[in-house]
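Here is the structure we will look at, set down as structure tokens.
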Amino acid sequence: MYEDGQYRIKEEPVGQKLGYGPLIDFTKFIHDAPNDAKLWVKRFDVEGFIRNMVAEFYLGFSDGFWVNVNNYFLYQEPETKRMIYIPSDTNRALGNTQYKMEKMLTGNMTEFATMADKSPLSVRLFGIPEFEKRFQEVSRDVINKIFNMKAMGPVIDDTVAMIQEDVAWDQTLEFPGKLNMPRERKEGEPINVRNTDTAYDCWVVARDGIPFKKAVYGPVTGHLSTIGVVEWIKKKVQAVKDF
């Protein structure tokens, strides 16, 4: 958490101060949930949002918008007044998750993680047939052209070769900071998305680490929250093909 004013914007805004008005209007638009795709496109960068959600689906981004309604910005274009979705941060991805692994690995977009608890934006937008169809089209392009071991395998191998010495050196350093581990959920305590055994195991992995090559290629054993990057890609691709 940061204190108010800790990060200041050096250049002050000019013109009319709109406050939260545009965001309130957009929230009302989502709440009213028009079924007209043209109205959505007029108010929101739907194509950009769909592409980002496809990325979250394949990366297994468990701390992003779709799964955790987190790590994103909304920007309003000055001229068109459309809202633009901007992703932020990509931790908890590619095999590391705070939610149940089987829910993250599903090949069905409607079962991805906690779909029933998604934000109104995801539920209402993908409830429109044109947009759900477009998601599937982008998804097919991604899995056929990008998200597969034929395309990604050489990149992963080259990246490992490039950084492995730096990783080994980094692990010899003493870090001045200390990880503030959350407490483990007590027996009988109500369960929420942040205190499950999987969520707690995420912090165990962050604290204890996993050997570099195992973290990349697997197999990773003994952890609910984590599998290797290559393990993730292979299992996700297979799940989508099976679906």
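Observations on the structure shown:
- Residues being among the basic types (Lys, Arg) and closer than 23 Å to Val67 by Cβ - total across the range 120-174: 4
- Selection within the range 37-79: residues that are of a type in the set (Ser, Thr, Tyr) and free of Cβ contacts under 8 Å to residues at least 24 places away in the same chain. The member of this set that is farthest from Ala199 (Cα to Cα) is Tyr75.
- Some residue of the range 152-171 being loosely packed, with under 10 Cβ neighbours inside 10 Å, at pLDDT below 95 and of a type in the set (S, T, N, Q): no
- Residue check for Asp158: farther than 29 Å from Asp25 by Cα and among the acidic types (Asp, Glu): yes
Table: residues versus (1) modelled with pLDDT of 95 or more; (2) of a type in the set (Asp, Glu); (3) more than 24 Å from Gly177 (Cβ to Cβ).
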position	(1), (2), (3)
Arg194	no, no, no
Cys202	no, no, no
Gly209	no, no, no
Phe212	yes, no, no
Val216	yes, no, yes
Gly228	yes, no, yes
Trp232	yes, no, yes
Gln238	yes, no, yes
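- Within the option set Leu224, Leu179, being of a type in the set (A, V, I, L, M) and under 22 Å from Leu59 (Cα atoms) holds for one residue only, Leu224.
- Number of the exception - Val123 against (1) modelled with pLDDT under 90; (2) surrounded by 17 or more Cβ atoms within 10 Å (Cβ to Cβ); (3) over 22 Å from Tyr200 (Cα atoms): (2)
- Here Phe135 passes the criteria (1) assigned by TED's automatic domain parsing to the domain that holds Gly48; (2) in contact with a His (Cβ under 7 Å, 6 or more places away or on another chain); (3) not β-branched (Val, Ile, Thr) except the one numbered (2).
Yes/no per residue for (1) among the acidic types (Asp, Glu); (2) at pLDDT 95 or above; (3) surrounded by fewer than 19 Cβ atoms within 10 Å (Cβ to Cβ); (4) in a loop (DSSP other than H, G, I, E, B):
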| residue | (1), (2), (3), (4) |
| --- | --- |
| Val67 | no, no, no, no |
| Asp89 | yes, no, yes, yes |
| Thr110 | no, no, yes, no |
| Ala113 | no, no, no, yes |
| Arg134 | no, yes, yes, no |
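- Listed by first and then second residue, the pairs with beta-carbon distance under 8 Å, at least 6 apart or on different chains, first residue in the range 166-183 and in the same structural domain as Gly209 (by TED's automatic domain parsing) and farther than 26 Å from Asn195 by Cβ, second modelled with pLDDT of 90 or more and in a loop (DSSP other than H, G, I, E, B), are Gln171/Gly209.
The values are calculated or read from the model by the stated rules, or taken from the named source; none is laboratory data. Please read these numbers as outputs of a predicted model, since none were measured by experiment. We place every Cβ from the backbone using ideal geometry, glycine too, and count neighbours over all the protein chains shown.
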